[in-house]
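The values are calculated or read from the model by the stated rules, or taken from the named source; none is laboratory data. Keep in mind it's a predicted model, so treat the numbers as computed, not measured. Positions of Cβ are backbone-derived with ideal geometry, glycine not excepted, and every protein chain shown enters the neighbour counts. Side chains included, ligands, DNA and RNA excluded: accessible areas come from the protein's heavy atoms. Shrake-Rupley method; radii C 1.70, N 1.55, O 1.52, S 1.80 Å.
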Amino acid sequence: MPNILEVALPVHLYAQFDYLAPEQVVQPGTRVRVSFNHRELVGVCIRTKQHSDFPLEKLKPVKAVLDEQACIPQELMNLCHWGAIYYVYPLGEVLNLTLPKRLREGLPEQKPIFWQHSTEGKGLPENALKRAPNQQKLHQALLVHQQLSKSDLKRLKINPATVKTLQGKGLIEQAQSALPSQPPTTLLSASPLTLNEQQTAALEVIRYHQFSCYLLEGITGSGKTEIYLQAVARVIQAGMQALILVPEIGLTPQTVSRFRDRFNAEVVELHSNTSETEREGNWCAARDGSAQIVIGTRLASLCPMKRLGIIIIDEEHDASFKQQDSFRYSARDLSIYRAKQNNIPILLGSATPSLETLNNGLQARYQHLRLTQRVGATQLPSLEVQDLRNQRLIAGLSPTTMEQIGHTLNAGEQVMVFVNRRGYAPALLCHHCGWTAACQSCDAKLTLHAHPRHLRCHHCDRQKAVPKHCPKCRSPELMHRGLGTEQTEEVLANQFKHWPVIRIDRDSTSKKGAFAEALQRLRDGAPCIAVGTQMLAKGHHLPNITLVVIVDGDQGLQSADFRGIEKLGQLIVQVAGRAGRGERKGKVIIQSHTPDHPILELLLQKGYHPFARQLLSERRNANLPPYTQLAIFRAESKRPENAIELLELARRLCQQTFPASPTFTSLGPFPALVEKVQDRYRYQLQLTSTNRKQLNRLLSQVTATLSDHAIAKRTRWSLDVDGVE
Ligand code: ADP
Ligand code: ZN
Ligand code: ZN
């Protein structure tokens, strides 16, 4: 009998490929090198089989088997399979995405490094190095722990130079293999907090070693993270691992340090700031079980874990959990599937759960746990709508708002001013003839930036000098319109000369470390004003901020996106959550031209939960997600007719399969919100169905037919299942 290997390759084709197997047994998940279309590629073995649909003499042999043991464990293989089917994406590309770069390129795995005493080092008295405190610290740490990994050294703040010195003295050496992990008795390095009643009740509901999805809906500052910590403690005490997903680690270093401070365990990070070498080491440590806790962003949901015991998703409503290009997966939804497969609990935490999740909670598909009080004495801030109508505004700020900012600074406290656009002003126009500076490649106005002064397109990043005269009528009277963070910064700095104004947006924090530095200045607590975009809204703990101003509270109410209001509500509540986390009560001013908008009123008077329920009932009436499933075909081309033709074809294919199904609707093709970006015209076709399985079958059929079609080769296109944009 011939032996055939089915291999998934990193190519954008909806198929696996057959090769003649080598003599040795190759486990699924093993990397192999094969030739494909005159190229050499690294693929992943899916399975061994006896029969191929291709004639045997046409099959090529596998060139090399790259791993002794499967590189990708079965559990992750299954997850990738499911993801590839659910999101209708080539399996080979999904598998490729999960691998660290060097492994993707076919290089051998690097063994993790552990340091231990040499025989000589072991014999050294405990205080032998007391004159060199750093060396002494490392020596003593090794007496306690026997072995230290790279991340242990990081946690203990022992720098590489010290390691080198002791190695040079022959006192320490690299270990050949890792010792079994430490006994659980030494697991906690700091004692847990005593939970309040609500926290206790929530924690006690969680069952381990069985699947259940928990929605932990707790207002900001209600102690959700403490529940995560205590749930994780139980899991690792049982010898299992925890996976914690957070929206953006660069923005929440505090979460990571809380885990590191609490546990005497191997805590590894996986996110965009981890270097490739570090990522590989951490990935392998998670897979081999030596890392007990993995904290990461979206991509970490595809990290192999040897004995996964719990998954936690913090700020589950955050849009960053959905990938917006190539493999458009939701890390949250993928994780729920994963928890189910592993028969373990998954905890979704948020002060402002997404409507999808909340609906599942209300329908009792998830266990709904609620924390409605802030921990300790800190009170929720008061919310106040500031009616902007007929007021004299300075850079969009009302006189009352200005006054309040002054009071707060005078009282020695900090202010946060939230503006949703970066740059100086979102438009530059001619006062004489009405010309507006627009991008040549996009359907978009250019944003005026002041530092340094230039015009920039926020869609394609094209930059231009600011003209002195109107290019149309030569008038020198050019004026800016609208408001960006730079302008607010300038106006506030003029108005409040004695206090620093710190701007925090993508431009001001593009340099490495700039964001952390700005946060540190805020944490130091001296009175100041922080002006920033969404970046500021995420879970930072800044106790001296007592006033938060939302400059344009109307944004989102008129949005073309049906999720606009949901996002606005989440933003207001999250931003408000930054206020008054210390001893003093905070205040939030929401400036608005429509202060009596009923949905805004509901949010402010009753809170997020009733607001979200109201939105849910509107979604139900309009037949929108979460009551239907949404999938979007997108196409773009320099020639709009190509994009339209492709989507028309997709629509016809759908209608052939579902001529008249009451559960299925299609809408489009219609142009995207910004039709032209970088000279490409973008269109979309929106499909909705109340039957997930049926829609999935349809999508995979249509995708397969479409990708073989000539038009699909000329036009860029993609499918977004459960699209959120
Ligand atoms: P959330 O994640 O819900 O925003 P945190 O877990 O960050 O809330 O808790 C807010 C603050 O309250 C933190 O400083 C935390 O250390 C503290 N805290 C949480 N639970 C308790 C508790 N049971 N007793 C005392 N302090 C607590
Ligand atoms: Zn003009
Ligand atoms: Zn542009």
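Tabulated data for the structure shown
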read-out	value
Within-15-Å neighbourhood charge of Leu371 [Cβ basis; K, R +1; D, E -1]	-4
Accessible area in square angstrom per residue, the chain, 1.4 angstrom probe	46 Å²
Beta bridges per DSSP with both ends in the chain, % antiparallel, nearest 5	55 percent
Options Pro662, Leu604, Ala395, ranked by Cα towards positive dipole end of the chain, top entry (Cβ charges)	Ala395
Theoretical ellipticity at 222 nm over the chain - DSSP helices of four or more residues, -39500 (n - 2.57) apiece, nearest 500	-9500 deg cm²/dmol
Sum of side-chain charges, Ser275 neighbourhood, beta-carbon under 12 Å (Lys, Arg +1; Asp, Glu -1)	0
By average C-beta atoms within 10 angstrom, highest first, the peptides 95-106, 311-322	311-322, 95-106
Unit charges at the beta carbon, dipole of the range 86-241: most positive-side option, Gly92, Ser222, Pro125	Pro125
Magnitude of the charge dipole, the chain, Cβ model with Lys/Arg +1 and Asp/Glu -1, debye to 20	820 debye
Whole-Å distance, taken between Cα centres, linking the range 391-420 and the range 88-131	51 Å
Dipole magnitude of the range 4-104 about its Cα centre (Cβ charges: Lys, Arg +1; Asp, Glu -1), debye to nearest 20	320 debye
Hits among lysines - C-alpha to C-alpha of Lys464 under 25 Å, sequence gap 8 or more where chains match	Lys445, Lys472, Lys511, Lys638, Lys676
Euclidean distance between Cα centres, the range 608-683 to the range 6-50, Å	36 Å
The range 114-177 - charge dipole about Cα centre, Lys and Arg +1 at Cβ, Asp and Glu -1, debye rounded to 20	300 debye
Among 33-39, 266-272, the order from most to least packed when residues are scored by Cβ within 10 Å on average	266-272, 33-39
Candidate lysines for bridging to Lys63, where Cα separation is under 27 Å - those fewer than 8 sequence places away on the same chain excluded	Lys49, Lys101, Lys111
Probe 1.4 Å, all protein chains present, accessible-area order of Trp115, Trp283, largest first	Trp115, Trp283
Average projection area in nm² (convex hull over Cα atoms of the chain, one quarter of hull surface)	37.6 nm²
Packing-based ranking, highest mean first, of 119-128, 458-467, 402-411, 343-352 given that Cβ atoms within 10 Å are counted	343-352, 402-411, 458-467, 119-128
Cross-link partners of Lys164 among lysines (Cα-Cα below 18 Å; sequence separation of 8 or more within a chain)	Lys122, Lys130, Lys137, Lys150, Lys154
Summed residue charge, Cβ within 13 Å of Asp53's Cβ, Lys/Arg positive, Asp/Glu negative	0
Span from the the range 303-344 Cα centroid across to the the range 437-482 one, whole angstrom	41 Å
